[in-house]
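**Student:** If you scroll down you'll find the structure; I have some questions about it.
The values are calculated or read from the model by the stated rules, or taken from the named source; none is laboratory data. What you see is a predicted model; the values in this text were computed from it and never measured. Positions of Cβ are generated from backbone atoms using ideal geometry, with glycine treated the same way; all protein chains shown enter the neighbour counts. Accessible surface is based on the protein model in full, side chains and every heavy atom, while ligands, DNA and RNA are left aside. Shrake-Rupley method; radii C 1.70, N 1.55, O 1.52, S 1.80 Å.
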Amino acid sequence: TLGLLTSLVLHTSPLPEHRGVALILFDSMDAALDAAEQAAPYDPTACDLLDRRLLGLSRESSPEFRRLIPESAEAGLIIEQIGFSAAQAAERIQQVIVRLTKGVSAARLAAEAHSSDQVDFLWSLPRRVVPLLTRLQGSTRPQPFVEDIAVPPEAMKEFLHKAQRVFQKYEVTNSLYAHAASGQLHLRPFLATPGEADGQRIEGLARDLYQLVFQVGGTISGEHGDGLSRTSFLRSQYGPLYRVFQQIKDLFDPANLMNPGKIVCDDPHLTRKNFRKTQVPDPPTVNLQLNWNQESAQDSVLRCNGCGVCRTQAEELRMCPFFRIASEEEASPRSKANLLRAYLTGQLDAASFTSDEMRGVTSTCFNCKQCQLECPSQVDIPKMMIEARANFVQTNGLSRADWILSRAHSFGAMGSALPRLSNGILGNSAARWFVEKILGISRKRRLPRFAQKTFLDAYAKRNPPRPQVGQQRIVIYFVDSYANYHDTQLAEAFVAIMNHHGYEVFVPPDQKASGMAMISAGDLDSVRPMIEHNVRVLGEFAREGIPVVCTDPSSALCLSQEYPNLTDHPDQAALSKAAIEATAFLAGLLEQGKLKQNFQPIEMKAAYHTPCHVKALGDVPPVSKLLALIPGLELHSIEKGCSGMAGAFGLTRRHFETSMQIGTPLFDHLRKHKYQLGVSQCSSCRMQIEQGTDIAAIHPLKLLALAYGLMPEIRSRLEPSRNPLLTT
């Protein structure tokens, strides 16, 4: 409110080398508060308190915490001690453990950690569960408007007892996470998304709670800012000193230019101002195309609390590939939620929802789903962008390039009908220039060659019998367009591996493409008949519990997550449950002890890149566990973000350079470490790796088939040269 930083010097302290951490559980919150007070004389470097709700979420967050934390636990403390040596750190944490477990009734040591990995695991508990609060289903959510209270640690128990009476007065529940050693309390009342009618209640709750804070000598803003939610109460906290704040502000910022209305403000009701508009007009301003109504769409956009995690540049998160290279708010996922909320509530003119400007915003999303996966509130931004694109397409139609590339499955059939001619065109520079001008496909992009015969045609000639209902050890193979028209060897490798494990593979001959490209382009009217057809064809098997296995992760994602947004077919729920990616199916066999491990050695240094859509499929066993079984294979799992290809996105002239820019960190890493082979389940990612490096890229199933000795001809694909599957 009084200045701008132009530069600063940051002094850093080394992280402690030796740490000891304990997780102690209690049968009551009072017992945990007593324990925190008793731990204070031991000067713990951290002492964090979690309530029953957070412990319950931690049980849901991982099997490890489910084993550590019983359902009966009402509260928990995570306590840390450091030392100049491992022995000293261990001794200091042991002193606290003995004091609390013997001195406090109903205290139980759940876990003790000393190694770096174990310590980090225990500290992951609050990092996991606090964001999970915002994912809870229901009409109310934790609202962070009184979450920064700090009181003297010795007064914390008394304060919380009185605070509960305030929450009871206003008929709300709350969650509690606290840095108990310093008296820092993060209280989050569960309320519906506040609107104008709720202002008096929210202001009253805050006022009553803050009066308790003042009584015990605490502060309403311990480690965060004051801002809009707390400014109105600062006059009560600081008394006569507040007038000094005003005088300083008048002297140094007489025009009130620096963050006006914050800290120094004459509005006694600022807390109840600036609520997001939540009322949906009647009739609605947006004609929704997907399977959700105005209320569920509004609920989805309101889940975005603007926290800004989607603006991260941290390597451990993928988040939004577009924001990573643009760093503009327009490219951030939260801006898209803000826009859709504004349209749903009538704050923006509905006519502009299908404008070129809105189309520009949607072009900064290619449905990788990483924002939804890593958002603390799991806001479904990709669904919002498909909705926006669908409205645009319905009003304006598809561009020529989008129409062509979203129907690559149709052109695949044409290319495979005349493969020599098609491949000759793709390999001719003059023809490629013509293709770029007419179709918008970048002439720089190395395109996949067409197979001499499609996999579905070859499979149909074998005339396989239709499986009988109840037949054991059978899987249904859903063939993606790339495996069908370009890399038929991948499909054959999958069938060979399944046969090797005693499974019969049935490939419904009348299946169609998944339609993912058309969905991502927003061409929903055209894709719905394809979806209905596939659900009819695959649903009868899914009803019987037969797995529908996909060698392409985007196809598995489409069947399980996109189809429910576009069809109400009665078999859709069964199909969503039955659809599974192929390496996840094999990893499941490994976990069950049913995977054959008669592998031959493959002496290579390989890098495994996890596709975005594999991550989006959820908590599936990593393919690295499978490949680690192959003797001689030196496998490195790398995390360098999205490859940038994103199916049809990276094919176009308009997006080629952006695609390559997104993939640059991945390319640089592969080159720097001199890998001989790239590995990924996604055909787009493999194409991108071979576009940006001189490294051959292969599907994990091919490596497994080779190692099993099922398809020795695959070895020719491992040479560090240009892939014969791609045209130059």
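**Student:** Roughly how many Å² is the accessible area per residue of the stretch 14-70, as a whole number, for a 1.4 Å probe?
**Tutor:** That works out to 45 Å² per residue.
**Student:** For the stretch 288-346 and the stretch 166-227, what is the separation of their C-alpha centers, rounded to whole Å?
**Tutor:** Here the answer is 27 Å between Cα centres.
**Student:** Take the alpha-carbon positions of the chain, form their convex hull, and give its projected area averaged over all directions (one quarter of the hull surface) in nm².
**Tutor:** That works out to 36.3 nm².
**Student:** Still on this structure, I have one more. Which percent, to the nearest 5, of DSSP beta bridges fully inside the chain are antiparallel?
**Tutor:** 65
**Student:** Ok, one more. At a 1.4 Å probe radius, carbon and sulfur cover how many percent of the accessible area of the chain?
**Tutor:** Carbon and sulfur atoms account for 52 percent of the accessible area of the chain.
**Student:** Can you pull the percent of Cα pairs in the stretch 404-507 with separation above 19 Å?
**Tutor:** Here the long-distance tail beyond 19 Å is 52 percent of all Cα pairs in the stretch 404-507.
**Student:** For the stretch 547-609, state the semi-axes of the equivalent ellipsoid (square roots of 5 times the eigenvalues of the alpha-carbon gyration tensor), sorted largest first and rounded to whole angstrom.
**Tutor:** One finds semi-axes of 31, 15, 7 Å for the stretch 547-609.
**Student:** Separate question: Check residue 442: other-chain or 5+ apart residues with amide H under 5 Å from its amide H, H built from backbone geometry?
**Tutor:** 652, 653
**Student:** Once every DSSP H run of n ≥ 4 in the chain is given -39500 (n - 2.57) and the sum is divided by its residues, what mean residue ellipticity at 222 nm do you get, rounded to the nearest 500 deg cm²/dmol?
**Tutor:** Rounded to the nearest 500, it is -13000 deg cm²/dmol.
**Student:** Please express the shape of the stretch 38-105 as an equivalent ellipsoid: the semi-axes are the square roots of 5 times the eigenvalues of the C-alpha gyration tensor, given largest first in whole angstrom.
**Tutor:** So the equivalent ellipsoid measures 25, 14, 11 Å along its semi-axes.
**Student:** So what are the ³J(HN,Hα) numbers for the stretch 613-629, from phi and the Karplus equation (6.51, -1.76, 1.60; θ = phi - 60°), rounded to whole Hz, Gly and Pro as x?
**Tutor:** Karplus values, whole Hz, x for Gly and Pro: 6, 5, 4, 5, 5, x, 7, 9, x, x, 5, 4, 5, 5, 5, 5, 7.
**Student:** Can you compute 3J(HN,Hα) from phi for each residue in the stretch 88-96, using the Karplus curve 6.51 cos²θ - 1.76 cosθ + 1.60 with θ = phi - 60°, rounded to whole Hz and x for Gly and Pro?
**Tutor:** Using θ = phi - 60°, the values come out as 5, 4, 5, 5, 5, 6, 5, 4, 5 Hz.
**Student:** Within 10 Å, count the other beta carbons around each residue, average over each peptide in 578-585, 21-28, 628-635, 524-531, and list them highest first.
**Tutor:** So the peptides 578-585, 21-28, 628-635, 524-531, ranked by packing, come out 578-585, 21-28, 524-531, 628-635.
**Student:** Give the peptides 424-433, 300-309, 61-70 in descending order of average Cβ contacts within 10 Å, highest first.
**Tutor:** 300-309, 61-70, 424-433
**Student:** Could you work out the equivalent-ellipsoid semi-axes for the stretch 327-380, taking the square root of 5 times each eigenvalue of the Cα gyration tensor, largest first, in whole Å?
**Tutor:** Rounded to whole Å, the semi-axes are 20, 14, 9.
**Student:** Near the amide H of residue 636, under 5 Å away, which other amide H atoms are found, from residues 5 or more places off or on another chain, if H is placed in the peptide plane?
**Tutor:** 606, 607, 608
**Student:** Still on this structure: On a C-alpha basis, how far is the centre of the stretch 591-632 from the centre of the stretch 488-561 in Å? Whole number, if you could?
**Tutor:** 22
**Student:** Here is a follow-up. Using R₀ = 51 Å, calculate the FRET efficiency as 1/(1 + (r/R₀)^6) where r is the Cβ-Cβ separation of residue 504 and residue 8; round to 0.05.
**Tutor:** FRET efficiency, residue 504 to residue 8: 0.15.
**Student:** At 1.4 Å probe size, with every protein chain present, just tell me what the per residue accessible area of the stretch 642-714 comes to in Å².
**Tutor:** 31
**Student:** Find the accessible area per residue for the stretch 151-209; the probe is 1.4 Å, ligands and nucleic acids are left out, and the unit is Å².
**Tutor:** 44
**Student:** Highest mean first, how do 149-159, 196-206 rank when packing is the count of other Cβ atoms within 10 Å averaged over residues?
**Tutor:** 149-159, 196-206
**Student:** Between residue 109 and residue 266, what is the spin-label point distance in nm, taking each point 7 Å from the Cα along the Cα→C-beta axis?
**Tutor:** Using points 7 Å along Cα→Cβ, the separation is 6.2 nm.
**Student:** Could you give the Stokes-Einstein D for the stretch 174-233 in µm² per second, using the C-alpha Kirkwood radius, 25 °C, 0.890 mPa s?
**Tutor:** Using the Kirkwood radius from Cα pairs, D works out to 191 µm²/s.
**Student:** Tell me, what ³J(HN,Hα) does each residue in the stretch 224-237 have, in order and in whole Hz, if you take phi through Karplus 6.51 cos²θ - 1.76 cosθ + 1.60 with θ = phi - 60° and put x for Gly and Pro?
**Tutor:** With the stated coefficients, the stretch 224-237 comes to 9, x, 8, x, 5, 7, 10, 4, 5, 9, 5, 4, 5, 6 Hz.
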